[in-house]
Structures are given as structure tokens and as C-alpha cells.
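Below is one structure; the comments refer to it alone.
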Amino acid sequence: MQMFEELFGLSAADAALDREIMAQCAPVFEQIDRRRDYNQLKVLKAFTDNGVGAQHLTGSTGYGYGDIGRDLLDRVFARITGAEDSLCRSQFMSGTHALTVALFGLLRAGDTLLAATGRPYDTLAGVIGLGGEKFGSLAEYGIHYDEVELVDGEPDYPEIERRAAGAKVVHIQRSRGYSDRRAFLCSDIEKIAAAARRGNPDAIIFVDNCYGEYTETMEPTEVGADLIVGSLIKNPGGAIAETGGYIAGRADLVELCGHRLTAPGTGREIGCTPQGLRNLYLGVYLGPSITAEALKSAVYCAAIFEKIGCEVSPRYDQPRADIVTTVKMQGEAGLAALCRAIQASSPVDSFATPEAWEMPGYDSKVIMAAGAFTNGSSIELSCDAPIRPPYLAYVQGGIALPVSRLAFLRAAAEIRKV
């Protein structure tokens with residue numbers, strides 16, 4: 001469109017490429033809009049049925065006893081996710097923290113955690129005790145770990161069934177993490193849960209739901225998951241929540257996690273919200289619409305980079321279970337070019353130049369473009385890549401499709417020069 005030429009000096013060829021990609025993506029965008037509309041109305045119904053009022057937005061101090069806004073938000077989020085109960089709290093510092101609280105809440109010495117979808121995301125290695133450093137991991141508390149590897153990127157259902165027999169918790173990672181496999185749809189999660197329960201009817205089905213919320217019209221709690229966990233600075237916080245995370249699912253399991261989040265005996269009854277709850281409520285309300293923008297950005301990303309000869313996953317018209325698109329580069333120079341273009345098109349710190357660094361929780365250097373209003377927010381347009389073969393860039397988020405389009409047009413031009 002002329003706006004890219006007039007405002008940012010892009011070439012007529014770039015504008016023509018944008019028109020071509022937008023026309024190509026239009027049918028997929030229509031599907032996303034239909035899912036957005038359903039999910040947005042589902043969220044509205046959760047708000048109205050629970051009687052959210054101005055009095056719930058004000059917050060509390062001290063111990064937080066009787067914080068009606070905090071407690072109601074738990075119920076609203078449970079309703080949204082089809083769960084019996086939830087903890088939707090600002091006290092969670094990250095998705096990894098929420099996952100850690102949940103795992104320590106459920107597992108005891110002698111129990112086994114089974115990873116049913118291969119090795120979990122890098123930041124969980126230290127939590128489980130897979131790395132060399134020891135900081136109070138599950139392993140140090142006598143909790144065993146087992147893992148079922150994927151077969152050509154797909155779950156090994158017979159092996160999951162066999163291994164689940166000895167497991168207390170069966171862990172499913174919905175998103176791809178730093179791997180090149182696809183994200184898992186709710187239909188996949190339902191099959192994994194069924195396989196695990198054939199082997200062990202008492203197994204707790206635990207889903208790392210990060211990046212996957214609102215990508216479908218249901219959540220894993222509606223297809224067999226006992227507990228789902230995620231971050232509020234990704235999809236469900238709508239780019240408004242400044243921090244926080246959630247645990248949702250069976251009421252008895254959520255209660256256990258509440259006592260691990262705070263202290264045994266006090267559980268979910270404490271935890272003040274001194275800055276108020278407006279941003280959490282507003283972010284949760286906007287989650288479906290903001291996630292739809294991120295999905296459209298992901299679709300456009302896949303289409304344009306495939307057009308210039310890059311290998312992408314998923315393709316623009318393939319089903320999506322998360323907001324992430326991987327773009328394969330020839331080496332570190334390509335990763336840097338992509339990150340530079342995205343950073344330059346960001347509303348915050350557009351002047352910064354991304355450089356690879358030793359990021360806490362990762363076993364290789366990571367380069368990241370993240371000009372976001374919330375530090376580390378993955379729902380805002382960002383790109384990160386571990387500096388290691390096969391040199392995959394993980395592009396995610398995007399709260400305004402026109403900005404995402406500009407960033408990817410610039411990136412395509414930069415990558416052609418590498």
C-alpha cells in the first residue's frame with residue numbers, strides 16, 4: 001500500500017509484494033476472524049456471568065486478605081478456559097515460574113514426571129534437574145524424570161501409554177519451544193491424554209499452554225487436560241497485563257498449586273494487588289482479539305518469507321496451535337538481519353541493534369528483537385533465535401498487523417542482501 005512508501009520510504013516493489021501477500025492470506029485471515037469473534041464473545045460471557053464490576057479493579061495491600069478482585073479474576077479465567085478453578089495471578093513472574101509452581105505443587109519425592117512430547121523448553125531444564133547446576137530442582141527433591149521422544153515430530157502414542165504406567169504427571173508442551181516440530185492442536189492433546197490414561201487412569205495430564213491460548217475455540221482443559229499453565233505476557237494478557245501467569249484445571253490440583261505459590265496453610269488466600277487489577281482484567285478481556293492479530297502476523301510472516309525462498313513452519317495456510325512461525329536462515333548473519341528489521345519497526349527501542357548474548361536459562365547464545373512495551377512480552381511482535389544450527393528464527397506476536405507487515409517487508413529486503 002502507498003502508506004509504506006509515503007511514511008517509511010519502501011519501494012513500489014515492496015508495496016506490490018505486500019498487496020500480493022495480503023491477497024494470498026485473505027482466506028486464512030477470515031478463518032482467524034471467525035475464531036476471534038467466538039473467543040471474544042466467550043470471554044465477554046465469562047465477565048458478565050461473573051458480575052465483574054468497577055469495585056473488582058481496585059486491588060489490595062498487605063496480605064491481600066479478602067481481595068475480591070483477585071478472587072473473582074480466578075473464577076473468570078476458569079470459566080474462559082473451561083476449567084473448574086484457576087489461579088490467574090500477578091504473583092507469577094513468568095510462564096516458567098508458573099510451570100515450576102505447578103510441578104512442585106503436584107509432585108512429591110519418589111514420583112515420576114513423564115515428558116510425553118519430547119524434551120521440554122530450555123528454561124525447564126534447570127527446574128527438572130537436567131543441567132549441571134543445582135538450585136533446588138525436582139531431581140534434588142527425589143522426583144524422577146522420564147521422556148518419550150517424538151517420532152518424526154509426532155507423539156509416540158504406544159510409548160506414551162507404556163511409560164505413563166509409572167508416572168504421576170504426564171507433561172505435554174503445546175508449543176514448539178526451540179525445536180523444529182509443529183505445535184500440537186487440542187485434537188493432538190486429546191489423543192496424548194487418552195494414550196496416557198490407557199496406561200495409567202490416575203495420571204495427571206499437565207499441559208504447558210504457553211503461546212497456544214485462543215488459537216482455537218477451545219483450550220486443552222476441554223479435551224482431557226487436568227491442568228494447563230501459561231503466562232499473561234503472552235496471548236491471554238492481551239498485551240496489557242504487565243506481568244503474571246495462570247494455572248487452571250481441576251479444583252483439587254489448583255488448590256495444591258496455590259499452597260506452593262504462597263505458603264502451605266495460607267494458599268490462595270493471600271497475595272495483594274497494590275497497583276490494582278485493571279490491567280489484568282483488561283488484558284484478559286482483550287486476549288482473543290490481540291491473539292488474532294498475532295495469528296494474522298504469523299500467517300503473513302510465513303507467506304512472505306516462503307515467497308523469498310526461506311523454509312518456514314507452519315506454512316501460511318496450515319493449522320496453527322501457537323503464535324510462533326519458524327524461519328530457517330543460512331547462518332547467524334541471516335538471523336541478525338531478521339532481528340534488526342523487526343527491532344527497527346518496533347514502537348519501543350527502534351534505535352537499538354540486537355546482539356546475541358548469554359540469556360539466563362538457555363544453553364547457547366540468543367539473539368532477540370523485542371521492542372515491546374512490556375519487557376519479554378511475546379504477544380508483541382518479537383523474534384528470537386538461539387545461535388546454533390539449524391539457525392531457526394522464532395517469530396512471534398504482533399498486536400498491529402500493519403506494523404508486522406512493515407517489519408517483514410523490511411526484513412525480506414535485508415535478508416536478500418545477506
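The values are calculated or read from the model by the stated rules, or taken from the named source; none is laboratory data. None of the values given here were measured: they were computed from a predicted structure. Here Cβ is always computed from backbone atoms with ideal geometry, including for glycine, and neighbour counts include all displayed protein chains.
For the range 96-130, how many residues are hydroxyl-bearing (Ser, Thr, Tyr) and closer than 13 Å to GLN173 by Cβ?
Our first condition is that a residue be hydroxyl-bearing (Ser, Thr, Tyr); within the range 96-130, this holds for 96, 100, 112, 117, 121, 123.
The next check asks that each one be closer than 13 Å to GLN173 by Cβ; those that pass are 96, 117, 121, 123.
Within the range 96-130, residues that are hydroxyl-bearing (Ser, Thr, Tyr) and closer than 13 Å to GLN173 by Cβ number 4.
Does the range 380-401 include one or more residues that are more than 21 Å from THR291 (Cα to Cα), touching a strand residue (DSSP E or B) at 6+ places or on another chain (Cβ under 6 Å), free of Cβ contacts under 8 Å to residues at least 60 places away in the same chain and buried (at least 17 other Cβ atoms within 10 Å of the Cβ)?
The answer is yes, given that some residue of the range 380-401 is more than 21 Å from THR291 (Cα to Cα), touching a strand residue (DSSP E or B) at 6+ places or on another chain (Cβ under 6 Å), free of Cβ contacts under 8 Å to residues at least 60 places away in the same chain and buried (at least 17 other Cβ atoms within 10 Å of the Cβ).
Could you give me the residue pairs with C-beta distances under 8 Å whose first residue belongs to the range 278-305 and is in contact (Cβ under 8 Å) with a residue 24 or more places away in the chain, whose second residue is among the acidic types (Asp, Glu) and surrounded by fewer than 22 Cβ atoms within 10 Å (Cβ to Cβ) wherever it lies, and which are 6+ apart or on separate chains?
Partner pairs satisfying both residue conditions: ASN279/GLU242; ALA292/ASP33; VAL299/ASP317.
Tally the residues that are closer than 23 Å to ALA298 by Cα and not in a loop (DSSP other than H, G, I, E, B), restricting the search to the range 202-244.
9
How many residues does the range 245-271 hold that are within 24 Å of TYR211 (Cβ to Cβ) and part of a helix (DSSP H, G or I)?
Quick first cut of the range 245-271, residues within 24 Å of TYR211 (Cβ to Cβ) only: 245-250, 253-254, 257, 260-261.
The next check asks that each one be part of a helix (DSSP H, G or I); those that pass are 253-254, 257, 260-261.
Here the count works out to 5.
Would you call GLY265 free of Cβ contacts under 8 Å to residues at least 12 places away in the same chain and surrounded by fewer than 24 Cβ atoms within 10 Å (Cβ to Cβ)?
yes
Output the number of the condition that ALA78 fails; it satisfies all remaining conditions of (1) surrounded by fewer than 24 Cβ atoms within 10 Å (Cβ to Cβ); (2) under 29 Å from PRO360 (Cα atoms).
Exception for ALA78: condition (2).
Which one of these is more than 17 Å from THR325 (Cβ to Cβ), crowded, with 21+ Cβ neighbours inside 10 Å and either touching a helix residue (DSSP H, G or I) at 6+ places or on another chain (Cβ under 8 Å) or modelled with pLDDT of 95 or more (or both): PRO347, PRO354? Working first, answer last.
Details: PRO347 fails: crowded, with 21+ Cβ neighbours inside 10 Å.
Of the residues listed, the single one that is more than 17 Å from THR325 (Cβ to Cβ), crowded, with 21+ Cβ neighbours inside 10 Å and either touching a helix residue (DSSP H, G or I) at 6+ places or on another chain (Cβ under 8 Å) or modelled with pLDDT of 95 or more (or both) is PRO354.
When only residues in the range 207-235 that are under 23 Å from ALA294 (Cα atoms) and free of Cβ contacts under 8 Å to residues at least 60 places away in the same chain count, which is nearest to the chain's Cα centre (by Cα)?
ASN209
From the residues in the range 275-323 that are in a helix (DSSP H, G or I) and of a type in the set (Lys, Arg), which one is surrounded by the most Cβ atoms within 10 Å (Cβ to Cβ)?
Per the criteria, the residue is LYS296.
Yes or no, residue by residue, for (1) in the same structural domain as LEU113 (by TED's automatic domain parsing); (2) of a type in the set (A, V, I, L, M); (3) at pLDDT 95 or above; (4) at positive phi:
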{"site": "ASP156", "(1), (2), (3), (4)": "yes, no, yes, no"}
{"site": "SER175", "(1), (2), (3), (4)": "yes, no, yes, no"}
{"site": "ASP180", "(1), (2), (3), (4)": "yes, no, no, no"}
{"site": "ALA194", "(1), (2), (3), (4)": "yes, yes, yes, no"}
{"site": "ASP202", "(1), (2), (3), (4)": "yes, no, yes, no"}
{"site": "PHE206", "(1), (2), (3), (4)": "yes, no, yes, no"}
{"site": "CYS210", "(1), (2), (3), (4)": "yes, no, yes, no"}
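Suppose we keep only residues that are under 16 Å from TYR391 (Cα atoms) and without any contact (Cβ under 8 Å) to a residue 60 or more places away in the chain within the range 324-351. Which one would you say is farthest from the chain's Cα centre (by Cα)?
By that ranking, first place goes to GLU332.
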